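Please find one structure pasted underneath; my questions will follow.
Bear in mind these aren't lab numbers, they're just calculated from the coordinates by the rules spelled out. Quick caveat, the model's predicted, so the values are computed rather than measured. Every residue, glycine among them, receives a Cβ derived from its backbone with ideal geometry; neighbour counts consider all protein chains shown.
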Amino acid sequence: MEAPSLDAIKTDAQAFGREALDSARKNLIEPGMQAAREARDVMSVQYDRAEENFAEQRDRAAAWISANPFTAVGIALGAGLVLTALLKPSR
C-alpha cells in the first residue's frame, strides 16, 4: 500500500476540521445560544416584575408617609439613632 500524499493528508485534515466545526456548531454553540436567549427572556420578565413591585411598594410607602408624617419622622429619627449607635467606633 502506498503512503498518502501530503496533499491528500492536507485535504483530509481540512475536511475533518470542517466536520468538527460543524459538529461543534450544531451540538454546542447553537444549543448554548438558545439557552442564553431563553435565560435572557426569563430575566427580562423577572426584571419587569421586580420593577413593578418596587414601584408599587414605593407608592405604598409614600402614601403611608403622607398619611402619617409625624410617625414617619419619629421612625426615621429612631432608626438614625440606632444606626449611629451601631456604627460608632468603639473605644
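Relative to the longest principal axis of the chain, what angle (0 to 90°, nearest 10) does the C-alpha long axis of helix 6-24 take?
30
Note down the net charge around residue 20, summing +1 for each Lys or Arg and -1 for each Asp or Glu among other residues with Cβ under 14 Å from its Cβ.
Numbers: positive: 18, 25, 26; negative: 12, 19, 22.
Around residue 20, the surrounding residues sum to 0.
A further question follows. Just subtract the alpha-carbon distance of residue 54 and residue 84 from 0.36 nm times their residue separation and send over the number in nm, one decimal.
Full extension of this stretch gives 8.1 nm more.
Return the single residue from 38, 56, 19 with maximal mean-square fluctuation; model: Gaussian network over the chain, springs between Cα atoms under 10 Å.
Highest fluctuation among the options: 19.
Say each of residue 67 and residue 24 gets a label point 7 Å from the Cα, pointing the same way as Cα to Cβ; how far apart are those two points in nm?
Placing both labels 7 Å beyond Cα along the Cβ direction yields 6.2 nm.
Lys and Arg at +1, Asp and Glu at -1: add these up for the other residues within a Cβ distance under 13 Å of residue 11 and post the number.
Numbers: positive: 10, 18; negative: 7, 12, 19.
Within the 13 Å Cβ shell, the charges total -1.
Which value in Å is the Kirkwood Rh of the chain over different Cα pairs?
Values: mean 1/r = 0.0492 Å⁻¹.
One over the average 1/r among Cα pairs gives 20.3 Å for the chain.
Test of understanding: in a Gaussian network model of the chain with alpha carbons linked when under 10 Å, which of 13, 36, 50 would top the mean-square fluctuation ranking?
13
How far is helix 30-67 tilted, in degrees, relative to the longest principal axis of the Cα atoms in the chain, given as a value from 0 to 90 rounded to the nearest 10?
Helix 30-67 sits roughly 10 degrees off the main axis of the chain.
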